[in-house]
Amino acid sequence: MSRCHHSIYVVAVASWALAASCGSGDWVAEMAHKNNEVDSLRASTSQWQSAGLGDRYQIGDAVRTGRSSSADLTMTGGGGLHLDERTLIRFLASKRDRPGKLRVESGAAELESEGQAVVFDTVIGLARLRKRSRVRLSPTKRGTRLNVLIGTATLEDESGRITSLEKGQSLTVRVGEAVVEMSVQPDGEAPSAADQKSEASDDAGAASDDAGAASDDAGAASDDAGAASDDAGAASDDAGAASETLAGDESNQTGESAKTGELSSEPSAGSGVTARVSMTGGKIRPARGADGWQPLPVGDVELAEGSHVRLPEKATVELERGNQRATVVGDAEFLIGAAGGPLVEVSRGTVSIEATTENTHIDVPGGAIVARTRPSGSLGTIALDRRGRAIVTVERGKLQVRSAQGSELLVVGERASIDRTGKTVVKGRAPARADLAIPAGESPVVHEQTGQVALRIRFDHVCPAGGRVETFKSRRSVGKPVAISEGEGSALVWARRGRAFYRVRCLSNGAVGVAVAAQGWVQVRTDSGTRQLPQRATHNTLDADGRTYSVVYQHRLPRLTFRWSGLAAATRGWTLVVKKHRGSKRTFPVSGNQHTVKSGSVGEGRYSWWFQGPGGRRSPTTRLYIEFDSSASTAHITQPPTNAWQGGSVPIRGTALSGWRVEIGGKKVRRDRYNRFAAKVAIPTDEDAIAIRLSHRKHGIHYYLRRRPR
């Protein structure tokens, strides 16, 4: 009997030939798994229908997935096909003697080579996927984009030139040509010994496939020659298997369970991973043994290197290899990594990784994440979105993110995103140096013209062993921090225009305490104190109508006019009564229907007032609140003007409001009889700005910053 040579054919509209089998009938693919909305269109009908598990598809049929949906199909000649959400594929007839081909019309599809190398032909040459490899196919404006997600692929053009593509690399296919768009070294590291062994065995397997292909050609000439070529192909396969054994891959010797395809619940030596499965519904395809997917047992199970696992929504699997730990939450899909390499290779889902005495390393499309060992350990979460982008957050310690773009070390409060091409974006990074330092618990108003301040919050007086600073948009949003930063003695955060709430919690052996050690507000205003302070008080008019009035002043107490329309303009003998809440009462004689008091006659506070006349007659009682605008300017800084100063020392000049204390560098600055102040200060070494501090026992604290020239 002759062997059938399986090939894959790529055309400009993302067509990929199916690995069809010679004796498999007229169907080319079968529905193995579906999630949410998956439909199929038969060639003999014109209406889409819901697809079912076990449905088989022929030439001319189509399959599509809806929003938040996915599907997995098995191919007749081996290998699997995964469809992302909003993907449409169609099975087409191939010209000449080629097998059927797959066209991806929208979305993205991924092809797996499973446990054997897959060789396929394209219009631009010969392509090969090594075993346990995965590529992603998606149409673009330039043509069809082919991404290597896992493993290795090669492309040989018509001139015989071979281009190798590894995980993270991609090429774009157009009519008559292929353009390699990028070259990515997955982790920036040399391959491990285990990887080299795997590559050697893959090469041997690929060689056996080529021998099998040659035997197919010979089989086409005569049945006898085909039988002989079968024997030669079998011998080459045996040689490939022998090369793996000679290479020292002891993990192949997994016992009788591997031969039967059953999962072993007993721990095995080597690179296996111990897993604890939380619920039913998961599936596993062992790296060796039985073909196809099997139910993933609930409880403790040993997973061999290369095992492929899929989890349903809300299912969890706790993974452990030595002191490396990770927890995967479904809907998820991952591969068990080799010893000396990643613990797992995750293609979708959410993963929590932890490191104590040993680094924990996982791979994601486009890069790798490593939890670093520290005395208190490291803990982080990696969530893969629908586009394959990995969102990395640090909960404790440090996480290293590696990609084609380089390496980034993330600490608590920072987060990064890595897309399939390796592009990495880091957010939430704390400033490296401070503009201003304040003690924890202080609630200042900061005047800085750019509206962004690098703030150091010192907490050594409340958290001597270290602490964490968390900032929030308001006190009500305490559960959703805008920024997090940790340190010993102090921590740096960004304070931006507007008002933000912060709190400090102490660290103990790396763990964050529950109790709040200190808290406060920070308000940043973009006025830099260059405007002159007004010399006159504001004038406000109030009517005795029973309502409540609120008067906010900035520099001097307001001048107030009280009036009542119920009095005639020439009325005499009436009195204005102003009573402070829980305080004394003042009266003012009234001539006419209104009365004006000068600035300072009625101070800050809460009042009730009314007009009272002969015979007990009186106006409606009206309420009044007078309060200071704590965000208003309290000083006029004349020198330096803004952020322009030079030399080893800087002259400071300005005018402050009466009653305000002026300090620079922790030292009090004297004022003259006109509230003017002047000083000469040294350039600070710990901060990038000179801070002029004004404080008032009732109205709070204001800082005016003058940045170091840049």
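Every number here is computed from the coordinates shown, using simple stated rules; none is lab data. Only a predicted model underlies this, so the values are computations on that prediction, with no experimental measurement involved. Note that each Cβ is placed from the backbone with ideal geometry, even for glycine, and that neighbours are counted across all protein chains shown.
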> Which of the listed residues, Gln405, Ala454, Gly467, is farthest toward the dipole's positive end in segment 375-497, when Lys, Arg count +1 and Asp, Glu count -1 at the beta-carbon?
Replying inline: Gln405
>> On a full-extension model of 0.36 nm per residue, what is the gain between Ala43 and Gln452, subtracting their alpha-carbon distance, rounded to one decimal in nm?
In response: 141.0 nm
> How high is the relative contact order of segment 464-604, in percent, with contacts defined as C-alpha pairs under 8 Å that are six or more residues apart?
Replying inline: 16 percent
>> Quick check: pseudo-label points 7 Å beyond the Cα along Cα→Cβ at Lys427 and Lys473, how many nm apart are they?
In response: 1.3 nm
> Which far-off residues, 5 or more places away or on another chain, put their amide H under 5 Å from the one on Arg325, with H placed in the peptide plane?
Replying inline: Glu354
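Could you tally the net charge around Pro620, taking each other residue with its Cβ under 9 Å from the Cβ of Pro620, Lys/Arg +1 and Asp/Glu -1?
+1
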> What ³J(HN,Hα) values, in whole Hz, does the Karplus curve 6.51 cos²θ - 1.76 cosθ + 1.60 give for segment 418-434 when θ = phi - 60°, with x put for Gly and Pro?
Replying inline: 10, 8, 5, 8, x, 5, 10, 10, 9, 10, x, 6, 6, x, 7, 10, 9
> Hey, rough spin-label estimate for Ser50 and Ala339, points 7 angstrom out along Cα→Cβ, what's it come to in nanometres?
Replying inline: 4.8 nm
>> Quick one: 3J(HN,Hα) in Hz for segment 609-616, Karplus 6.51/-1.76/1.60 with θ = phi - 60°, rounded, Gly and Pro as x.
In response: 9, 6, 9, 10, x, x, x, x
> Roughly how many debye, to the nearest 20, is the charge dipole of segment 363-497 about its Cα centre, given +1 on each Lys and Arg Cβ, -1 on each Asp and Glu Cβ, and no other charges?
Replying inline: 480 debye
> What are the ³J(HN,Hα) values, in whole Hz, obtained from phi via the Karplus relation 6.51 cos²θ - 1.76 cosθ + 1.60 with θ = phi - 60°, for each residue of segment 586-596 in sequence order, with x given for Gly and Pro?
Replying inline: 10, 10, 9, x, 10, 10, x, 9, 7, 8, 10
> Any idea what the alpha-carbon Rg over 2.2 N^0.38 Å comes to for segment 529-610?
Replying inline: 1.21
> Near the amide H of Gly654, under 5 Å away, which other amide H atoms are found, from residues 5 or more places off or on another chain, if H is placed in the peptide plane?
Replying inline: Thr638, Phe677
> Let a ≥ b ≥ c be the square roots of the eigenvalues of the Cα gyration tensor of segment 285-431; is it rounded (a/c under 1.5), or, if not, prolate (a/b larger than b/c) or oblate?
Replying inline: prolate
> Sorted by mean Cβ packing within 10 Å, highest first, what order do the peptides 466-472, 54-60, 547-553 take?
Replying inline: 466-472, 54-60, 547-553
>> Eigenvalues of the Cα gyration tensor times 5, then square-rooted: what semi-axes does that give for segment 509-558, in whole angstrom, largest first?
In response: 40, 22, 8
> Counting only the backbone N, which residues of segment 447-467 are under 20 Å from the spot 7 Å out from the Cα of Ile683 toward its beta-carbon?
Replying inline: 454
> What is segment 425-471 by shape, rounded, prolate or oblate, if you read a ≥ b ≥ c off the alpha carbon gyration tensor as root eigenvalues and call it rounded for a/c under 1.5, prolate for a/b larger than b/c, and oblate otherwise?
Replying inline: oblate
> Hey, rough spin-label estimate for Gln294 and Glu488, points 7 angstrom out along Cα→Cβ, what's it come to in nanometres?
Replying inline: 5.1 nm
> What residues have an amide H closer than 5 Å to that of Ala537, excluding those fewer than 5 places away on the same chain, when H is modeled at 1.01 Å from N in the peptide plane?
Replying inline: none
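Would you mind calculating the gained length between Thr530 and Val514 on full extension (0.36 nm times residue separation, minus the Cα-Cα distance), in nm to one decimal? Walk me through the numbers on the way to the answer.
On the way: separation 16, 0.36 × 16 = 5.76 nm, distance 4.30 nm.
Once the chain is fully extended between Thr530 and Val514, it gains 1.5 nm.
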